[in-house]
Amino acid sequence: MDTEAVKMFSVLATKLSYTETAKIFDISQPTLSRRIQALEDSLGVRLFHRLGRSVRLTPQGEAFLRSAEEINALIAHSLEQLHIAKKGVSGQLKIGCLHPMARFMVRHFLPNFHAKYPDIAIYLHTLAPSDLGSFEDVDLMITPFDMQIENVVSRPIDHYRRNCYAAPSYLAKKGTPQFVRDLELHHCITQTNALTNERTWKLHHTKQPSVQVNVQGPLMTNSMDIAIDMTKAGFGIGLLPDDQVFQEVANGELVLLFNGEWYVDGMIHVIYKPNALTPERYRIFIEEFERFNRSW
């Protein structure tokens with residue numbers, strides 16, 4: 001069996017486009033078509049329905065896709081073991097994450113990781129919150145959400161906390177909220193890292209029951225970086241991660257509200273597709289990242 005054609009089949013089954021698949025393998029469309037046709041001939045089944053320029057999997061193609069993924073994983077695992085035996089752990093790892101996490105890793109995690117594993121090439125692919133969960137261009141993802149996705153492993157890594165912050169300029173104009181329900185009278189910066197339309201914040205307290213407050217404001221963003229900038233600029237109250245704004249608090253650019261007693265807790269997860277032949281570099285990265293966060 002032409003194992004390279006099996007790889008081409010797997011990509012074509014995902015992209016459903018000869019044009020895109022041919023570009024990925026840097027071959028012409030006629031060459032790709034011939035390789036797929038030869039694979040079908042060797043298997044004795046039709047893998048794709050061809051409808052003009054579009055294609056879709058036949059029932060036999062859908063069944064073979066599962067086997068093809070196992071074949072590709074086995075080949076990749078075998079090659080990796082050969083490389084490990086000869087040179088140590090190596091290969092590329094494509095990581096999808098939000099921009100703040102990418103920045104955090106570049107500043108604090110990757111320098112030591114790269115020094116320890118110089119032959120593991122890291123490709124950081126920044127995503128919007130709505131894109132988390134799509135594995136089209138990445139091997140694994142780091143997410144601040146517990147993604148409930150079928151056939152995906154979600155491994156908890158570390159807790160994080162978000163508190164309410166505001167700029168001194170905003171508090172001078174609008175006043176400082178004294179009670180958590182006062183947030184409903186203020187401009188709040190919403191949609192930050194939200195997967196759905198955010199109209200409420202559910203805040204927890206160190207000693208009191210949790211409270212859900214209605215929030216609204218003239219400015220919204222799906223980016224935590226932009227939310228921090230909006231809060232610093234005095235546009236409203238932001239629900240921001242403590243570990244990303246401690247310097248701004250120390251500099252007097254932001255003020256922690258409610259003495260930090262009202263907060264939202266979250267968990268960083270690494271998510272990936274389960275595989276009995278998960279590459280060694282995946283395991284190493286996840287364990288090193290988990291160890292780093294526990295000591296941070």
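Any read-out appearing in this document is the output of simple, stated calculations on the displayed coordinates, not a laboratory observation. As the structure is a computational prediction, the values presented were derived from the model and not from experiment. Ideal geometry is used to build each Cβ from the backbone, glycine not excepted, and the neighbour counts take in all protein chains shown.
Between PRO218, GLN247, LEU140, whose Cα lies farthest towards the positive end of the dipole of the chain when Lys and Arg beta carbons carry +1 and Asp and Glu beta carbons carry -1, centred on the Cα centre?
Among PRO218, GLN247, LEU140, the one farthest towards the positive end of the dipole of the chain is PRO218.
Counting other Cβ atoms within 10 Å of each Cβ, which chymotrypsin sites (Phe, Trp or Tyr not before Pro) in region 178-243 have at most 12 and sit in a DSSP loop?
PHE179
How much FRET efficiency would the formula 1/(1 + (r/R0)^6) give for SER134 and VAL249, where r is the Cβ-Cβ distance and R0 is 35 Å, rounded to 0.05?
Computed FRET efficiency for SER134 and VAL249: 0.50.
Relative to the present Cα-Cα distance, how much length would full extension add between THR126 and ARG107 at 0.36 nm per residue of separation?
5.3 nm
Taking LYS15 as the anchor, which lysines have their alpha carbon closer than 25 Å to its alpha carbon, excluding any fewer than eight residues away along the same chain?
Reachable lysines: LYS7, LYS23, LYS94, LYS273.
Label ARG155 and ARG199 with points 7 Å out from Cα along Cα→Cβ: what is the distance between them in nm?
In this crude label model, ARG155 to ARG199 measures out at 3.9 nm.
Taking other Cβ within 10 Å of each residue's Cβ, how do GLU287, GLU198 sort, fewest first?
Taking fewest neighbouring Cβ atoms as first place, the list is GLU287, GLU198.
Quick check: pseudo-label points 7 Å beyond the Cα along Cα→Cβ at VAL264 and SER54, how many nm apart are they?
It is 3.8 nm.
Would you mind pulling out the separation of the Cα centroids of region 29-47 and region 181-259, in Å?
Here the answer is 55 Å between Cα centres.
Can you work out the base-10 log of I(q)/I(0) for the chain at q = 0.09, 0.10, 0.12, 0.13 1/Å, using the Debye formula on its C-alpha atoms alone?
-0.60, -0.70, -0.89, -0.97
Go through 54-64, 207-217 and give me the packing order, highest mean Cβ count within 10 Å leading.
The peptides rank, most packed first, as 54-64, 207-217.
If the chain between GLU70 and ASP225 were fully stretched, how many nm would it gain, using 0.36 nm times the residue separation less the Cα-Cα distance?
That works out to 51.9 nm of additional length.
What are the lysines whose alpha-carbon lies under 28 Å from the alpha-carbon of LYS207, with same-chain residues fewer than 8 places away excluded?
Answer for LYS207, where 28 Å is the Cα cut-off: LYS174, listed by chain and number.
For the chain, what is the percent of antiparallel DSSP beta bridges, rounded to the nearest 5?
Close to 70 percent.
One-quarter of the Cα convex hull surface for region 116-253, in nm²?
The directionally averaged projection comes out at 11.3 nm².
Taking neighbour counts of Cβ atoms within 10 Å as a proxy for exposure, in what order, fewest first, do LYS232, LYS23 appear?
Going from sparsest to densest Cβ surroundings: LYS23, LYS232.
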